[in-house]
Amino acid sequence: MFKGSLKTKSIAQAGIIAALYVVLTYVAHLFDLDSKAVQLRFSEALTILPVLTGAAIPGVTLGCLLANILMGCVLMDIVLGPVATLLGAIGTWMLRDKPYLAWIPPVISNMVIVPFVLWKGYGLPGDTYLMNTLTVCLGEVLSCGVLGIMLYRSVKDVPHLFD
């Protein structure tokens, strides 16, 4: 019985995290923060959550997939965006014993994958690739590093939230 309850709780956590990811993506879009030189997705702060629960890995991945579909992204972004998020979330989980470094894998995975998507998927000129890499990196550092660590510090000690 306990095992089933744990599985149910993990599925519920993943679903809630996915829903939060979609909502936070829409909030950033409403403020036009997702289309500037430095893209700021509040939802990327959630990529710190694998430090606290493995359920966050499918949660942020599914959230990214749904957000990209609902936002009308190109197919390449619908596929590769969640791949970048999944790789980052797995890296975060692997660094769960070092939470103040665990925000780095999502930054790296997005910094590598997203500029390629901007170039090939959205047709940005190839000569802006390096600039896109730098601006994606900056946006991810703000989202995953600054906001993610703020989120982690806010929820890490909340009793029974992620156990």
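Assessment of region 136-149 against the conditions (touching a residue at least 24 places away in the same chain (Cβ under 8 Å), of a type in the set (D, E, K, R) and closer than 16 Å to Val38 by Cβ) yields at least one matching residue. Within this structure, Pro115 fails the test of being in a helix (DSSP H, G or I), touching a Cys at 6+ places or on another chain (Cβ under 6 Å), in contact (Cβ under 8 Å) with a residue 12 or more places away in the chain and not aromatic (Phe, Trp, Tyr). The single residue among Val74, Val107 that is without any contact (Cβ under 8 Å) to a residue 40 or more places away in the chain and surrounded by 14 or more Cβ atoms within 10 Å (Cβ to Cβ) turns out to be Val107. The one condition from (1) in contact (Cβ under 8 Å) with a residue 60 or more places away in the chain; (2) crowded, with 17+ Cβ neighbours inside 10 Å; (3) more than 20 Å from Leu161 (Cβ to Cβ) that Leu66 does not meet is (1). Of the listed requirements (1) surrounded by 15 or more Cβ atoms within 10 Å (Cβ to Cβ); (2) in contact with an Asp or Glu (Cβ under 9 Å, 6 or more places away or on another chain), Leu95 misses just one: (2). Filtering region 88-104 to residues that are closer than 13 Å to Cys144 by Cβ and either under 12 Å from the mean Cα position of the chain (by Cα) or free of Cβ contacts under 8 Å to residues at least 24 places away in the same chain (or both) leaves Gly88, Ala89, Gly91, Thr92, Leu101, Trp103, Ile104. The set of residues from region 41-87 being hydrophobic (A, V, I, L, M, F, W, C), within 11 Å of the chain's Cα centre (by Cα) and farther than 12 Å from Leu20 by Cβ comprises Ile48, Ile57, Leu65, Val83, Ala84, Leu86, Leu87.
Checking each residue in region 114-155 for being surrounded by fewer than 18 Cβ atoms within 10 Å (Cβ to Cβ), closer than 14 Å to Ala45 by Cα and of a type outside the set (A, V, I, L, M, F, W, C) picks out Arg153, Ser154. The lone criterion from (1) assigned to a loop (DSSP other than H, G, I, E, B); (2) more than 29 Å from Tyr129 (Cβ to Cβ); (3) among the charged types (D, E, K, R) left unmet by Asp34 is number (2).
Within region 77-112, the set of residues being over 20 Å from Thr135 (Cα atoms), part of a helix (DSSP H, G or I) and not aliphatic (A, V, I, L, M) comprises Gly91, Thr92, Trp93.
No lab work stands behind these numbers, since they all come straight from the coordinates. All of these numbers come straight from a predicted model, not from anything done at the bench. Counting neighbours? That spans all protein chains shown, and the Cβs are built from the backbone with ideal geometry, glycine included.
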